[in-house]
1. Starting from the Cα-Cα distance between residue 136 and residue 82, subtract it from 0.36 nm times their residue separation and give me the gain in nm to one decimal.
2. Around residue 17, with a cut-off of 11 angstrom between Cβ atoms, what is the net charge of the other residues, counting Lys and Arg +1 and Asp and Glu -1?
3. Given labels modelled 7 Å from the Cα in the Cβ direction, how far is it in nm from residue 73 to residue 99?
4. In sequence order, what are the phi-derived ³J(HN,Hα) couplings for the stretch 39-52 according to the Karplus relation 6.51 cos²θ - 1.76 cosθ + 1.60 with θ = phi - 60°, rounded to whole Hz, with x for glycine and proline?
5. Cα-Cα pairs above 17 Å in the stretch 13-130: how many percent?
6. So what is the relative contact order for the chain, in percent, with contacts set as C-alpha pairs under 8 Å and at least six apart?
7. Quick check for the stretch 13-130: number of Lys pairs with alpha-carbon distance under 14 Å, counting only pairs 8 or more apart or on different chains?
8. Determine the gain in length on full extension of the stretch residue 7-residue 58; use 0.36 nm per residue of separation and subtract their C-alpha separation, reporting nm with one decimal.
Amino acid sequence: MANTGYEWSAWAFMQKGAADWDADALADNATETGDALSLSGKAGCIIGIALAEDNTGAIDGASTIFILGETDLAYEETTIGSPYQFQITPVQNDTVHFQFPISPQYYDNFKIAVLNEGGQELAVTVKYKTASIPVAS
């Protein structure tokens with residue numbers, strides 16, 4: 001019987017305004033939101049985030065990552081309600097890498113948003129990969 005375990009795609013950039021979310025400059029106290037990603041037909045998803053600070057100055061806060069789910073064609077918002085969120089603390093003159101899973105059991109369509117309250121401009125990169133489970137042959 002064939003292997004029916006997870007088959008992971010290669011990492012791909014999340015899209016933001018139909019462009020790769022790759023080292024985009026995010027000012028202190030600013031928020032960026034990516035384009036929607038669909039997990040229809042997928043068995044799993046991993047999001048990878050990199051926050052880079054170029055030694056401009058001291059970090060004095062954290063960045064908040066939001067997962068904005070979709071309900072009836074409307075997406076949650078970062079400033080209204082209580083979307084799922086967590087914080088990552090950037091490091092001066094370094095890059096912080098973080099990854100987390102998103103289950104298609106809970107999110108079929110979603111967006112990622114990043115709020116920078118680190119005190120300095122950050123270069124933000126957001127990537128993802130998805131998993132499928134092939135049919136046994």
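Values quoted throughout were computed directly from the atomic coordinates according to the rules given, and no laboratory measurement underlies them. Owing to the predicted nature of the structure, the values given are computational and were not obtained by experimental measurement. Cβ atoms come from the backbone with ideal geometry, glycine included; neighbour counts cover every protein chain shown.
1. 15.4 nm
2. -3
3. 3.6 nm
4. 9, 4, x, 9, 9, x, 8, 10, 9, x, 10, 10, 10, 10
5. Here the long-distance tail beyond 17 Å is 53 percent of all Cα pairs in the stretch 13-130.
6. That works out to 46 percent.
7. Number of lysine pairs found: 4.
8. 14.2 nm is the gain from fully extending residue 7 to residue 58.
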